[in-house]
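Here's the structure we're looking at; comments come further down.
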Amino acid sequence: MDSTGLLRELVAQRTVSGDPAPQRLSMDTIVSLIASRVQVTVEGQPDSAHPWLLLTNEAPPSAKRLVFACHVDTVPPGDLGHWEFDPFAASIEDGVLQGRGTSDMKAGVVAATAAVIDAAERGVPVALLLTSDEEIGSLGAQAARHAVAENKIGAVIVPEATGNSIHLGHRGALWLDVTTTGVAAHGSTPQKGESAIMKLVDVLARARAELPLGEDPFLGAETFNVGTIDGGSAPNIVPDAAHVVVDHRTVGDGRNLLDWWTSQPEVDRVEARIDLPGVRTPSDDDWVTSLQTTLADGPVTYFTDASILAAAAPTAPIVVWGPGTPALMHAANESVSLAEIDAAVDAYTAVTRAWPTVD
């Protein structure tokens, strides 16, 4: 398989989250390549708002599958003035392929595709899950959850960028939409109104000191980030509405954080935009200990589709493990080393060839 050619084709497809058409195109590209080499069954919802596909090969009913779970979407490129190259040109320089989505996570998709083809050619029971809109809340994975649950899953590899080291989990994500309301008035007589923005400022200042952020020995500390904030309609009008989207990375169920925001006197409404649980796999799991790759000391810092898959396949160990540099994820000048992709293909292939054909 031409890994470099496939990656260049995928990077050129502008699969920004929220736009299903190019994400469908990427899925079609991958499926067409696999189907040209091996016989697979394809199920899914390619024409939905959040498309997904699950590819499986023929296997005995008792066999458990090794699943590669990959999202095809990317974050937007942002300000192109911060890039030193066209983020969708998929150019190569000194053995490095450049462009949006190279590390997050199209290099992982390519490596997983190669491993799935090899496994299917050898009759190893595998599956490739392709999802959309992971970057905005694992929406494709949520739509595919039932299909994953209907299969016998032995283990899951999420090929996100880890520099090819194995991580055993990550924190959850709780994105809260917090709204304050006030009373509009003329800007020259603010005392006649009530500023929703000032109320929001007050509650945010209190949050920095009072939020009940937890901590976990493995997953680490919970965090609080103000992602977006807006309010008001004109400089000379006292704003009657303001809202903020808060990004919490959680180690528990997040209920105490939700309760804190809803209990604040300035807050009119709180809605959970994303509520994904944390993931952790025991380091002494038999399959994990059999992997001949470096095991990282801690979790990855970002969330993945594993939050959904852990519930769909509750007995299966899940690892986050793939080519790419975490520091380049969502950054300008994103890139990936071609040698790192080759190393991932070799590592994944070794794992699939060691996978039992019958449980």
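A 1.4 Å probe run over the chain, with the rest of the protein chains in place, finds 43 Å² accessible per residue. A cut-off of 5 Å between modelled amide H atoms, ignoring neighbours fewer than 5 places along the same chain, links residue 136 with no other residue. Only the Cβ atoms of Lys and Arg (+1) and of Asp and Glu (-1) were treated as charged; on that basis the dipole of segment 172-276 about its Cα centre amounts to roughly 300 debye. Protection proxy ranking for 327-336, 110-119, using the average of other Cβ atoms within 10 Å per residue and placing the highest first: 110-119, 327-336.
For the residues 64, 199, 192, 152, a 1.4 Å probe over the protein chains yields an accessible-area ranking, largest first, of 192, 152, 64, 199. The largest accessible area among 68, 218 belongs to the first residue in 218, 68, and the rest follow in falling order (1.4 Å probe, all chains).
For the pair segment 1-39 / segment 157-223, the C-alpha centres are spaced 35 Å from each other.
Rounded to the nearest 5, the antiparallel percentage of DSSP beta bridges internal to the chain is 75%. Specify which residue in the list 223, 174, 185 is farthest towards the positive end of the charge dipole of segment 172-276, using unit charges on the beta carbon of Lys, Arg (+1) and Asp, Glu (-1), about the Cα centre. Positive-end residue among those listed: 185. Taking all Cα pairs closer than 8 Å and separated by 6 or more residues, the relative contact order of segment 18-93 comes to 25 percent. Per residue, the average separation of C-alpha pairs within less than 8 Å and at least 6 apart gives segment 213-338 a relative contact order of 18 percent. Rounded to the nearest 500, the helix-only mean residue ellipticity at 222 nm of the chain stands at -9000 deg cm²/dmol, with each DSSP H run of n ≥ 4 adding -39,500 (n - 2.57). Working from Cα pairs under 8 Å separated by at least six residues, relative contact order for the chain is 26 percent. What is the angle, in °, between the Cα long axis of helix 107-121 and the longest principal axis of the Cα atoms in the chain? Nearest 10 is fine, range 0 to 90. Helix 107-121 and the main axis of the chain meet at about 30 degrees. Between the labelled values (1) 141; (2) 151; (3) 171, the entry that holds volume of the Cα convex hull per residue in Å³ as derived from this structure is (1). Against the chain, whose longest principal axis is taken from its Cα atoms, helix 139-149 shows a tilt of about 40°.
Name the shape class, rounded, prolate or oblate, that the alpha-carbon gyration tensor gives for segment 172-276, where a ≥ b ≥ c are the square roots of its eigenvalues, rounded holds for a/c under 1.5, and otherwise prolate holds if a/b is larger than b/c and oblate otherwise. Show your work: numbers first, answer last.
Working: a/c = 2.95, a/b = 2.64, b/c = 1.12.
Prolate is the answer for segment 172-276, as a/c is 1.5 or above and a/b outweighs b/c.
Seen from residue 224, the other residues with C-beta closer than 14 Å to its C-beta sum to a net charge of 0, counting Lys and Arg as +1 and Asp and Glu as -1. Relative to the longest principal axis of the Cα atoms of the chain, the long axis of helix 338-354 lies at roughly 60 degrees. Computing the accessible area with a 1.4 Å probe over protein heavy atoms, can you report the carbon and sulfur percentage for the chain? Taking all protein chains in place, the chain shows 50 percent carbon and sulfur surface.
The values are calculated or read from the model by the stated rules, or taken from the named source; none is laboratory data. It should be emphasised that the depicted structure is a prediction, and the values quoted were computed from it without experimental measurement. Neighbour counts run over all protein chains shown; Cβ positions are idealised from the backbone, glycine included. Ligands, DNA and RNA are excluded from the accessible area calculation, which covers all protein heavy atoms including side chains. Shrake-Rupley method; radii C 1.70, N 1.55, O 1.52, S 1.80 Å.
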